[in-house]
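Readers should treat all values here as calculations from the given coordinates under stated rules, not as data from a laboratory. Here the structure is a predicted model, which is why all the values come from computation and not from measurement. Cβ coordinates were reconstructed from backbone atoms using ideal geometry, including for glycine residues, and neighbour counts include every protein chain displayed.
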Amino acid sequence: MDIPHPDGLDGRSWAPMMRGDRDQGRDYVVTHVNTVNSGAAFPMRAIQNQHYSLIFSPWSDGKLRFQAESMIGLTYKALKGAAERDSRIAARVNNMSSASRSHSTTLQKIPISGRM
């Protein structure tokens, strides 16, 4: 993608990582989600570096369970199967579907997590 960087735009391109290059010097990533593909509202905000993740999920009320289309497929089914054998993965699966309003995670202690 040979598109010039617009003046005044905050942030850096993800294109090098999409091409398979290793990211150089990104201190942290800020993400946000408002709705899932079905249109259901599950607003979430997160800030993550290579070691920690802090997530704010204002939708979480202790009763509502997160549900997205990606949880119907084989990958999530395999993750739930692995959770039956590994308590760390079980904690991650539980956190994904019934998150507390805000929580932090030490990424090195989780066997399945993205790496920047």
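Taking trypsin sites (Lys or Arg not before Pro) in DSSP loop conformation with at most 13 other Cβ atoms inside 10 Å as exposed sites, the chain has its longest uninterrupted site-free stretch at 27-62. Rounded to the nearest 0.05, what FRET efficiency do ILE72 and MET44 have when you use their Cβ-Cβ distance and R0 = 22 Å? That gives a FRET efficiency of 0.70. Helix 87-97 and the longest principal axis of the Cα set of the chain meet at an angle near 80°.
Summary value for the chain: 23 percent relative contact order, contacts being C-alpha pairs under 8 angstrom separated by 6+ residues. Compute the long axis of helix 74-83 from its Cα atoms, compare it with the longest principal axis of the Cα atoms of the chain, and write down the angle in degrees, 0 to 90, nearest 10. Result, in degrees: 60.
Among the chymotrypsin sites (Phe, Trp or Tyr not before Pro) found in segment 40-89, those both in a DSSP coil and sparsely packed, with 16 or fewer other Cβ atoms within 10 Å of their Cβ, are TRP59. Of (i) 2, 9, 16, 18, 21, 17, 10, 5, 2, 1, 0; (ii) 2, 11, 22, 28, 22, 10, 4, 1, 0; (iii) 2, 12, 21, 22, 14, 10, 7, 5, 4, 2, 0, 0, which is the value of P(r) over Cα pairs in 5 Å bins from 0, in percent derived from the coordinates here? Checked against the structure: label (i).
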